[in-house]
Every structure is written in structure tokens, then in C-alpha cells.
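The values are calculated or read from the model by the stated rules, or taken from the named source; none is laboratory data. Everything numeric in this text was worked out from a predicted model, so none of it was measured. Cβ coordinates were reconstructed from backbone atoms using ideal geometry, including for glycine residues, and neighbour counts include every protein chain displayed. The area values use the complete protein model at the heavy-atom level, side chains included, leaving out ligands, DNA and RNA. Shrake-Rupley method; radii C 1.70, N 1.55, O 1.52, S 1.80 Å.
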Amino acid sequence: MVHPWVLDIIRKYSLDLLLYDLEDEIPHIGTAGFTVNKSSLIEDIHFLKTFDEHVAPRLPQNFSSVLEVGIGQWIYAYALAKFFRKYRENIPIIGIDKDVTYIDLARELIKNRKIESMSAEISDIDNWRGIYDIVINLCPNFISPDTIITHYLGQQTPARDLFDAISRKISKDGLFVLGLSSPTPPIERYVEASINPFFKDIVVSYNPYATDNSIYPIHYLVTAKKLPQEF
């Protein structure tokens, strides 16, 4: 059975089903044999549905720049581009990660999926340049209110240091999007303790579209506005 919302997402974001190998269920990620298969389609659809419901209503007016922090292999790159370019055609999207292996894999994915005006760069958030209207950090996992894993294979990071650094890269009326990969409670308390010093208008939403088949499932999506900074 195909849920009606699946077809709605395919139409809304003009997903070309001919670009997916719908006979292949097995993802070959992190190898030279990367394929865009049925699993990729499911991942893209669930990602777009999640962002459609929880991010789209809070997008800043006239936003013109997007930065993703800690991209890993950038599994969501294609869906991310599809989402933002529904609202701003050809908007440049930059992803950063301090692991060169991930950057190589992310660049391979961008090339294979023919995504334009999207770049993966080697850097951490502290050393990255520029201010962005939207900053995204997808699939970290809280260990405690004070500690977070930036992605599944990444390093443990002091949560407040990370969110402080992220807040400094967001424009005055910009939006922070945090996707959490762990359903471990109490998420709201962890988010409040870690993010509240730097952000306002914080909304924590459970994601009913997360699936255990996802490579990096987003169990909770947090959106927040930047607090004015004191200098």
C-alpha cells in the first residue's frame, strides 16, 4: 500500500522515479559502487515529509544561504537540495565535516546524484567562515545534557560548546534545525539544557516518519531562532 502523502511528496518535490533503481533494495554507501536505489527513495521521501511539516512553516523570509554542520556521508544531500530549492531556486548549500573520509564520500554522492550548487568542505564549525540564514545539524545523539555525539561515527562533543559555535554562524533572523537520531528520553530536558542559552522559540517535534530502515533516522526535529548575542 502506498500512503497518499508519499505520492504528494513525490509530486510536490518533483522526484524523478526514473533516477532510482526501484529493483535494488541494498544501499552501497561508502564504496565506489554507490547506487541510488529503492532505499534511497524511501529515505528521500521520509526526509522531505519531515522537513515539510516541521521546517517549512518556520523558514525565514527571503533566506539566501544554508549551512549543514557535520554532514558525514551526506546521505540527505539530494533531499536537502530538493527541499530548499522548492522555496529558493539554485540556492547554494554548503556542508562541512572535519573528517576527510566523509568529505570524499559526500562529494562522490553529490557527483553521482548530479546535485548542482552544493559543496562539501573540510572544516569544523569553530573554524568555518561566514554567516548563514539556516544552519542544520542532523542526526546527533545526546548522551547527556552536556554531551552529544555529532553523528553515529563521530566524536563526543560538549553540547553547549557546539550549540554556542553554531549560534554564532546564524544570521539575526535565521533558523537552526537540529535532527536527533536517538529517541532516548527525556529529549526535551536535554534540548532545553543544551540549547536554551543560545536560542529562543524552541520547538521539539517527534518525527512519526522515522523508520528503523533509515541509515540516519531523525527521531526528533528541533527548530529554534537565534537569541540576540551580547558583546
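If I ask for residues that are in a helix (DSSP H, G or I) and under 16 Å from Val69 (Cβ atoms), which ones from the stretch 141-192 would you list?
Scanning the stretch 141-192 gives Ala159, Arg160, Asp161, Leu162, Phe163, Asp164, Ala165, Ile166, Ser167.
Going through the stretch 4-16 one residue at a time, which ones are assigned to a helix (DSSP H, G or I) and free of Cβ contacts under 8 Å to residues at least 12 places away in the same chain?
Passing the criteria: Pro4, Leu7, Asp8, Arg11.
Taking Ser119 as the residue in question, decide whether it is exposed (fewer than 15 other Cβ atoms within 10 Å of the Cβ), touching a residue at least 24 places away in the same chain (Cβ under 8 Å) and part of a strand (DSSP E or B).
Yes; evaluated as a whole, the condition is true for this residue.
Of all residues in the stretch 75-95, which are under 12 Å from the mean Cα position of the chain (by Cα) and either hydrophobic (A, V, I, L, M, F, W, C) or open to solvent by 40 Å² or more (accessible area, probe 1.4 Å) (or both)?
Listed by number, the residues that qualify are Ile75, Ala77, Ala79, Leu80, Ala81, Phe83, Phe84, Ile93, Ile94.
Tally up the residues in the stretch 17-57 that are among the aliphatic types (A, V, I, L, M), open to solvent by less than 40 Å² (accessible area, probe 1.4 Å) and either modelled with pLDDT of 90 or more or in a helix (DSSP H, G or I) (or both), please.
The total comes to 5.
For the subset of the stretch 190-231 comprising residues that are in contact with a strand residue (DSSP E or B) (Cβ under 9 Å, 6 or more places away or on another chain) and open to solvent by 70 Å² or more (accessible area, probe 1.4 Å), which member is modelled with the lowest pLDDT?
Among them, the one singled out is Pro228.
For Ile125, work out the one condition from (1) open to solvent by less than 30 Å² (accessible area, probe 1.4 Å); (2) in a strand (DSSP E or B); (3) under 17 Å from Ser65 (Cβ atoms) it doesn't fulfil.
Evaluating Ile125 over (1) open to solvent by less than 30 Å² (accessible area, probe 1.4 Å); (2) in a strand (DSSP E or B); (3) under 17 Å from Ser65 (Cβ atoms) leaves (2) as the failure.
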